[in-house]
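Chemist: I am attaching a structure below and will ask some questions about it afterwards.
The values are calculated or read from the model by the stated rules, or taken from the named source; none is laboratory data. These numbers come from a predicted model, not from an experiment. A quick note on method: Cβ atoms are made from the backbone with ideal geometry, for glycine too, and the neighbour counts reach across all protein chains shown. When the accessible area is computed, the model is the full protein with side chains, heavy atoms only, and any ligands, DNA or RNA have been set aside. Shrake-Rupley method; radii C 1.70, N 1.55, O 1.52, S 1.80 Å.
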Amino acid sequence: MDYVSALVPPVVMAIFFIGLVVTIVKSHGGPNKAKEDGAVDAAIARAESVKQTARPENA
């Protein structure tokens, strides 16, 4: 019976990990892809503008 209790945690973690990967793959792209890409582009633009304003131009 010890082998069952030793195998249960890795099997449960493997099942959850496979479910996570399947969910990520299924939700990748699709109708929300443009919205997700726009949100990422906006966040990158904000980060770059903050970086540029924090650094003096003639330093």
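Chemist: Using the heavy atoms of the protein chains and a 1.4 angstrom probe, tell me the accessible area per residue for the chain in square angstrom. Mind dumping the intermediate values first?
Modeler: Values: 5460 Å² over 59 residues.
Counting only protein heavy atoms, the per-residue value for the chain is 92 Å².
Chemist: For the chain, find the longest principal axis of its Cα atoms and tell me its angle to the long axis of helix 33-54, 0 to 90°, nearest 10.
Modeler: Helix 33-54 sits roughly 50 degrees off the main axis of the chain.
Chemist: Quick one: the Cα spread of the chain along its three principal axes, in angstroms, biggest first?
Modeler: Projected onto the principal axes, the Cα atoms of the chain cover 71, 34, 8 Å.
Chemist: State the extension gain, in nm to one decimal, for the chain segment bounded by Lys35 and Ala6, taking 0.36 nm per residue of separation less the distance between their alpha-carbons.
Modeler: Contour length minus Cα-Cα distance gives 6.0 nm.
Chemist: Tell me, what ³J(HN,Hα) does each residue in region 16-30 have, in order and in whole Hz, if you take phi through Karplus 6.51 cos²θ - 1.76 cosθ + 1.60 with θ = phi - 60° and put x for Gly and Pro?
Modeler: My calculation for region 16-30 gives 5, 5, 4, x, 5, 5, 4, 5, 5, 5, 5, 8, 6, x, x Hz in order.
Chemist: Which of His28, Tyr3, Phe17 sits closest to the plus end of the dipole of the chain, meaning its Cα is farthest towards the positive end, when Lys and Arg get +1 and Asp and Glu get -1 on the C-beta?
Modeler: Toward the positive end, the furthest listed residue is His28.
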